[in-house]
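Only one structure is covered here, and it is reproduced in the block below.
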Amino acid sequence: MVAEGRDGEVADMSSAGTFRVCEAGGPPLQEALAEAVALPSVLATMLRSLIEAWPDEVYTRPLVTTRFLGQRTTYVCAPGHIRSLIVDQAGALEREPFMLRALAPALGSGILTADGPHWRGQRRTAAPMFRPDRVRAFIPAMAEAAHATRLRWLGQMSAHGSADARFDGERDILPEMMRTTFDVIVATMVSGDSQLKVEPFGRAIDAYLGQTPWKIALSMLGAPAWMPHPGARAGARAVRYLRSEVARTVERRRARGEPGADLLGLLLQAKDPETGERLSDESLIDNLLTFVAAGHETTALALTWTLRVLADHPAVEARILDEIAGLGADPAPEALDRLAFTRQVVLEVMRLYPPAPLIVRRTAEEVRLGDTVIPAGESVHVPVYALHRHQSLWDRPDVFDPDRFAPELTASRDRYAYLPFGAGPRVCIGMGLALTECLVILATLLPAFRFVPAKAEMPATQFRVTLRPKGGMKMKVVPRHAH
């Protein structure tokens, strides 16, 4: 693979699957042979984590273009260029084929995967459901789900005789947070439907996401969609389960004869404000599955990384606990507004560990970024994980510092230097819901428990469409009252 920097340098993929700078302009046959030799290493790197296949230059330069197997990809890493790309020239972009190949079998043509008029209609129809007043109305349901996790953990510890703190309580925090955020989804999106079960649903999502690196890598390497790969059958079974469960959920709601006031009820009643049309049955399934799957996955990851980072920063954790204690027993949704520092912590964790670490597009028309012209039909990616650690944008970019998100510093920062929820017309529709959910769950769990890492080192990051901790996030959950 070859990466071209702004200065005409070229970086190619070495046998170790990383980039190194070398001279440009080798003979075509020589380049083809080098790519053939590097192919197994490139594939292995993509399957391990696509982030590892990015050129090192994405952390230092505003634009980097790679070439491999005749295909060019431009990584856009400067805030001004990002705004130009995904806001000013958004109409010249379309969804990236390799990401569609990874997601569309499960999510269909919903708000995350659709393009053009079909996307715009769905976006207009769904947007009112995520207004701030709607989100605030869901806070009691979020708190109830978080409290259920708290009681479940305390009950498990009591059953093991942990009143003297001898029960170590070690568990993988990621599936625990997945369960909690799934409970929130059920309460806010399909309230009262006890037949949508978290464990099998979560296993199906894991099975599907587990084989997406193969879909992405084979698509990027030009392999046909029918090519078999490890996990393909399990992924297909997962798709059938997920879509049938969501379809049955919609059917059960319709059988009740009353749409309800949750997100599914709002979806069933929603009309496009321009056309007056309701969502089709297929669009209902596509979008409800998108909100359930993507919504609980990304929020659970943000919480998981936050609990692990706080374990390494006890002074920050103490400051959060003081802020939570200041709320007292105030149940009003407006009380969350007083968790300003806790919010800063979550934002900083999502800088270091963005749940959605990559924005991918393809040019449907020619795009111009400064002096660089990108022809139609090429890939343009915003490597969010690299953008958030870019050496020209952040002071000590690898250091955890929640004060970066103090109001005065946030106001002085370029809006397009920080993109945990994307930006432009396709900014994450559930951004406010996700942040609110994180604050509610942290405010419920942190006063009750300490989280002690099973290992001193931070788990490696792994790209699985989202940014997951490789091998999970094993931690001991210790009741605070035990000390």
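The values are calculated or read from the model by the stated rules, or taken from the named source; none is laboratory data. Bear in mind the structure is a predicted one, so any value in this text is a computation, not a measurement. Counting neighbours? That spans all protein chains shown, and the Cβs are built from the backbone with ideal geometry, glycine included. Ligands, DNA and RNA are excluded from the accessible area calculation, which covers all protein heavy atoms including side chains. Shrake-Rupley method; radii C 1.70, N 1.55, O 1.52, S 1.80 Å.
Values for this structure:
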{"quantity": "Among the candidates Thr444, Thr410, Thr436, residue that is open to solvent by 10 Å² or more (accessible area, probe 1.4 Å) and under 19 Å from the mean Cα position of the chain (by Cα)", "calculated": "Thr436"}
{"quantity": "Residues of region 413-433 that turn out to be more than 15 Å from the chain's Cα centre (by Cα) and among the hydroxyl-bearing types (Ser, Thr, Tyr), as a count", "calculated": "1"}
{"quantity": "Scan of region 310-354 for residues that are part of a loop (DSSP other than H, G, I, E, B) and at pLDDT below 95, ordered by number", "calculated": "Gly326, Leu327, Gly328, Ala329, Asp330, Pro331, Ala332"}
{"quantity": "Only listed residue being within 30 Å of Glu274 (Cβ to Cβ) and surrounded by 18 or more Cβ atoms within 10 Å (Cβ to Cβ), chosen from Ala114, Ala78", "calculated": "Ala114"}
{"quantity": "Region 111-126 residues that are at pLDDT 90 or above, paired with ones that are among the β-branched types (Val, Ile, Thr) and loosely packed, with under 15 Cβ neighbours inside 10 Å (beta carbon under 8 Å, 6 or more apart)", "calculated": "none"}
{"quantity": "Pairs with Cβ under 9 Å, 6+ apart, first in region 127-151 and under 13 Å from Asp183 (Cα atoms) and among the hydroxyl-bearing types (Ser, Thr, Tyr), second modelled with pLDDT of 90 or more and open to solvent by less than 80 Å² (accessible area, probe 1.4 Å)", "calculated": "Thr149/Glu176; Thr149/Met177; Thr149/Thr180; Thr149/Ile441; Thr149/Thr444; Thr149/Leu445"}
{"quantity": "Pairs, first farther than 18 Å from Arg464 by Cα in region 216-234, second open to solvent by less than 40 Å² (accessible area, probe 1.4 Å), C-beta under 7 Å, six or more apart", "calculated": "Met227/Leu218"}
{"quantity": "Matching entry among Leu85, Leu93, Leu100 (being open to solvent by less than 20 Å² (accessible area, probe 1.4 Å), under 23 Å from Ala423 (Cβ atoms) and not aromatic (Phe, Trp, Tyr))", "calculated": "Leu85"}
{"quantity": "Residue selected from region 424-483 under the condition basic (Lys, Arg) and in a loop (DSSP other than H, G, I, E, B), by the criterion nearest to Pro354 (Cα to Cα)", "calculated": "Lys470"}
{"quantity": "Wholly enclosed strands (runs of 3 or more DSSP E) of region 1-89 bearing at least 3 residues modelled with pLDDT of 60 or more and farther than 26 Å from Ala376 by Cα", "calculated": "none"}
{"quantity": "Test: residue in region 294-310 that is surrounded by 13 or more Cβ atoms within 10 Å (Cβ to Cβ) and of a type in the set (Asp, Glu)", "calculated": "yes"}
{"quantity": "Criterion (small (Gly, Ala, Ser) and within 24 Å of Ala335 (Cα to Cα)) met by exactly one of Ala406, Ala386", "calculated": "Ala406"}
{"quantity": "Within region 369-401, considering residues that are in a strand (DSSP E or B) and under 25 Å from Arg413 (Cβ atoms), the one farthest from the chain's Cα centre (by Cα)", "calculated": "Thr372"}
{"quantity": "Tally, over region 351-383, of residues that are under 23 Å from Phe138 (Cβ atoms) and open to solvent by 10 Å² or more (accessible area, probe 1.4 Å)", "calculated": "1"}
{"quantity": "Residues (within 27 Å of Ile139 (Cα to Cα) and of a type in the set (A, V, I, L, M, F, W, C)) located in region 250-288", "calculated": "Val250, Ala261, Leu263, Leu264, Leu266, Leu267, Leu268, Ala270, Leu279, Leu284, Ile285, Leu288"}
{"quantity": "Region 117-160, residues that are aliphatic (A, V, I, L, M), open to solvent by less than 60 Å² (accessible area, probe 1.4 Å) and farther than 21 Å from Val440 by Cβ", "calculated": "Ala126, Ala127, Met157"}
